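Engineer: Got a structure for you, questions after.
The values are calculated or read from the model by the stated rules, or taken from the named source; none is laboratory data. Keep in mind it's a predicted model, so treat the numbers as computed, not measured. All Cβ positions, glycine included, derive from the backbone under ideal geometry; neighbour counts span all protein chains shown.
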Amino acid sequence: MDYGFEIRSIADERAYHNTAILIYLKAASEILGGDANISIGNSLNQGYFTYYSAEKSGLSTTVINKIRDRMQRIIDKDIEIICEQDTVRHATAKWKSLGYYEKSGLIETRDPDEIVEILNLDGYRNCLYTKVLPSTGYIDRFELRSYRTGMLLRLPTALSPSVPEYRDDNKLYDAFAESKKMSKNNGVKYLADVNRLILEGRADDLIRASEWNHNKVLSGIADRIVKEDKRIVLIAGPSSSGKTTTAKRLCAAIAERTGEPLYLGTDDYFVERDQSPIGPDGKPDYEGLDCLDMDLFNRNMEDLLDGKEVDIPTFDFIEGRKLFGSRVTKLREGQIIVIEGIHSLNNILTEHIPAAQKFKIYISPLTLLSIDRHNRLSTTDARLLRRMVRDNQFRNADAEKTLDTWPKVRAGESVNIFPYSSSADVVFNSSTVYETNLLKTYAEPLLLAIDESSPQYIEAQRILGVMKYFVGIESSDAVPDESLIREFIGKRQK
């Protein structure tokens, strides 16, 4: 039964994706003889990277085709998905009996009589911690293909009603693989591991380990920039990736090696507000490339690299215009320019600058942490929590407003940022293993304040439902002032 389900919102997208994942897990378990070795990894290549750990080199095309065919059979049968309720006591015992110790570890510290929800798909049971569609027949579009050592489950989105055109995000895969190795070395694989360390009073150790990793990676990037004699460093990433703090920390690392670089933000090159292009919604578009004064930007960059004196603008966001005269500068011999902005990886921005002189960095919090082997905290949710806390701390905006504007932010990123991630020379993973446990302390009261009558109430309840599995970190004292997490929670109180 094809219901022709339309994905019109992020909530629709999430329900569709989780239903497809449940079907995939059931099909894979039937073909492979169980799902204990099946893991759902990060979002990748407009889908989900999933792997079978019992086969290090990946599954054969024949086996993948069998899983795909079994998925289609399950869909064609239009099987009802039942949400069962069970006690923590029984659910814990069940997950342990199946070898899912990370699932049991998430709930075993809670009241044994508390009720938890378990999905039942024709006898196959699992937890996905969020809503699914009523039956399997709603899934009418999916793609399963071999990729590296695993598979890609690719699905339609709110922005693409059919499965999106394939784009190989090979640099993101490498970044995920490196982060996975780093987490394993730190003894943290699942959320239950993090919760246990926090409950043991070792939250500060988690924080210090994450910050040390960031420093190590940024130091390596700075070494490479200097060694390769790059003149311009370009940094881009989606909202709440920590671009500003990371750019400044990278500047400090470069300064230790070859002198203070010149730091610029592309926001200072906005066209005058009355010249801003109008978007499809009839409102000014401040996200597209046309909102920047490209001619001035390229002229300034060329003159700087030619050793000429340049009057760099500063954009006055209150007046809506560029101001000149306060940043007249000239590059020193060998001085590097560091540029941070939404379009920095788009070659059109720097089309007149030789490629050999440019070093591109894509930054995003590629979440290190899996909730369990079949569930992960999405990178999108990680960024949303950061933005929600920052908007409240520094922009006088409540969580309801952040949630309301988030779909438009994501739509802009899909056009202006994500397509260029693979053009980067390096991907910097700005995620920290402890941050969601810490941000919970800030975000939970904001979400609880959203009234039941609000259009954002359901989404707020979804996030609260996920966050209840995270043990909160009550104190941020161990987070250093230079940490990019401070960009969202603010500096330490003196």
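Engineer: Can you tell me which of Ala36, Ala93, Ala20 is at pLDDT below 90 and of a type in the set (A, V, I, L, M, F, W, C)?
Structural biologist: One residue alone meets the criteria, Ala36.
Results for (1) under 17 Å from the mean Cα position of the chain (by Cα); (2) surrounded by fewer than 20 Cβ atoms within 10 Å (Cβ to Cβ); (3) of a type in the set (A, V, I, L, M), shown as yes or no for each residue.
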position	(1), (2), (3)
Tyr362	yes, no, no
Ile371	yes, no, yes
Arg387	yes, no, no
Asp404	no, yes, no
Ser422	yes, yes, no
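Engineer: Further, regarding this structure: Does any residue of region 63-86 turn out to be modelled with pLDDT under 90 and either in contact with an Asp or Glu (Cβ under 8 Å, 6 or more places away or on another chain) or among the basic types (Lys, Arg) (or both)?
Structural biologist: No: region 63-86 contains no residue that is modelled with pLDDT under 90 and either in contact with an Asp or Glu (Cβ under 8 Å, 6 or more places away or on another chain) or among the basic types (Lys, Arg) (or both).
Engineer: Same structure, new question: Would you be able to say whether some residue in region 413-430 is small (Gly, Ala, Ser) and over 19 Å from Ile235 (Cα atoms)?
Structural biologist: No, that holds for no residue.
Engineer: Quick one: in region 111-151, of everything that is touching a helix residue (DSSP H, G or I) at 6+ places or on another chain (Cβ under 8 Å) and among the basic types (Lys, Arg), which residue is nearest to Met71 (Cα to Cα)?
Structural biologist: Filtering region 111-151 for residues that are touching a helix residue (DSSP H, G or I) at 6+ places or on another chain (Cβ under 8 Å) and among the basic types (Lys, Arg), the one nearest to Met71 (Cα to Cα) comes out as Arg145.
Engineer: I need a count of the residues in region 320-359 that are in contact (Cβ under 8 Å) with a residue 12 or more places away in the chain, part of a loop (DSSP other than H, G, I, E, B) and not basic (Lys, Arg).
Structural biologist: 21
Engineer: Follow-up question, since we're still on this one. Mind listing whichever residues of region 423-453 are under 30 Å from Leu206 (Cα atoms), touching a residue at least 24 places away in the same chain (Cβ under 8 Å) and part of a helix (DSSP H, G or I)?
Structural biologist: Selection gives Glu435, Thr436, Asn437, Leu438, Leu439, Lys440, Thr441, Tyr442, Ala443, Glu444, Leu446, Leu447.
Engineer: Can you tell me which residues in region 154-202 are within 24 Å of Tyr100 (Cβ to Cβ), at pLDDT 80 or above and surrounded by 15 or more Cβ atoms within 10 Å (Cβ to Cβ)?
Structural biologist: Matches in region 154-202: Val188, Lys189, Tyr190, Leu191, Ala192, Asp193, Val194, Asn195, Arg196, Leu197, Ile198.
Engineer: Find the helices (runs of 4 or more DSSP H) located wholly in region 1-105 whose residues include 3 or more that are free of Cβ contacts under 8 Å to residues at least 24 places away in the same chain, in the same structural domain as Ile115 (by TED's automatic domain parsing) and closer than 23 Å to Leu152 by Cα, and list them.
Structural biologist: Of the helices (runs of 4 or more DSSP H) lying wholly inside region 1-105, those with at least 3 residues that are free of Cβ contacts under 8 Å to residues at least 24 places away in the same chain, in the same structural domain as Ile115 (by TED's automatic domain parsing) and closer than 23 Å to Leu152 by Cα span 61-76.
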